[in-house]
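One structure below.
Throughout, read-outs are computed from the coordinates displayed, never taken from laboratory work. Predicted model, so just to flag it, every value in this text is computed and none were measured. Cβ sites come from the backbone with ideal geometry, for glycine too, and all protein chains shown count toward neighbours.
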Amino acid sequence: MKKSLLKEAIIKFLAGIILMALLLFIPAGDLFWVNGWIFMAILFVPMFIAGIIMYLKAPDLLESRLNAKEKQSEQKDVIYYSGLMFLMAFIVAGLNYRFKWTSLPDFVVYGAVVVFLLSYCLFGEVLRENRYLSRTIEVKEDQKVVDTGLYGIVRHPMYFATLFLFLSMPLVLNSLPSFVIMLAYIPIIVKRIKNEEEVLEKELKGYTEYKQKVKYRLVPYIW
């Protein structure tokens, strides 16, 4: 196994922890913000476990997931606005805690923790079913259409999982203003899916037939 891959994974993982801590706890002005630490735990502990599993069982998938260099020009805008959305949502969550703008009932916060973890498990199942998954829109040389399991229900189960994953984040952080900001993910992901399907129809054999077989892109019976 590549030592360089392990090194890259560790560096990005640690960088993610540091960046998230800065985005949350500096605006909050309190290192003992409980919701911030709960969020850090449910985000990075499963990520660490998933990273180890991928490194041992599917290093090619881990390498693909670490690659964030988007080739599609249209997707660069999607990445930019997604990054801006996350940046604003996490900073506002910290500010919301500091200035006590809003507060959610405990059952909403803990329910969001459950939704987040279930969404994480769903995301893991999607990774298990589709070894071609990448953070960028691309078609690999030996890629085939996956149409079983979750892919037999919706065409983009990964985005279905991230929809609930991301929308639960601000609720875990007890921040209604951040939840409103994170709603921007819906039009962002719709734009990404439409562009991705254009690429897959052109470059992935059998994808047009797959679209006819599985009617719904993201949410069954809705879209």
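Estimated from the Cβ-Cβ distance and a Förster radius of 30 angstrom, the FRET efficiency linking residue 215 and residue 34 is about 0.10. Counting lysine pairs in region 165-216 whose alpha carbons fall under 17 angstrom apart, excluding pairs fewer than 8 residues apart on the same chain, gives 5.
Model label sites at residue 57 and residue 107, defined 7 Å from Cα along the beta-carbon direction, differ in position by 3.6 nm. For region 3-213, the C-alpha radius of gyration divided by 2.2 N^0.38 Å, with N the number of residues, is 1.07. Relative to the Cα centre, what is the charge dipole magnitude of the chain, using +1 at the beta carbon of each Lys and Arg, -1 at the beta carbon of each Asp and Glu, and rounding to the nearest 20 debye? Computed about the Cα centre, the dipole is about 180 debye.
A DSSP coil position with no more than 10 other Cβ atoms inside 10 Å describes the following trypsin sites (Lys or Arg not before Pro) in region 1-108: 69, 71, 100.
Size of region 103-223: Rg and Dmax of its alpha carbons, in Å, are 15.9, 50. For the chain, hydrophobic long helices are taken as DSSP H runs at least 24 Å long by C-alpha position along their axis with mean Kyte-Doolittle hydropathy of 0.0 or more; these are 3-28, 34-57, 73-99, 106-129. Using a Gaussian network model of the chain in which every pair of alpha carbons under 10 angstrom is joined by a spring, one finds that among 209, 201, 63 the greatest mean-square fluctuation is at 209. Using the Cβ-Cβ distance between residue 81 and residue 128 with R0 = 35 Å, the FRET efficiency computed as 1/(1 + (r/R0)^6) comes to roughly 0.75.
For the options 123, 39, 99, a Gaussian network treatment of the chain with springs between C-alpha atoms closer than 10 Å singles out 99 as fluctuating the most.
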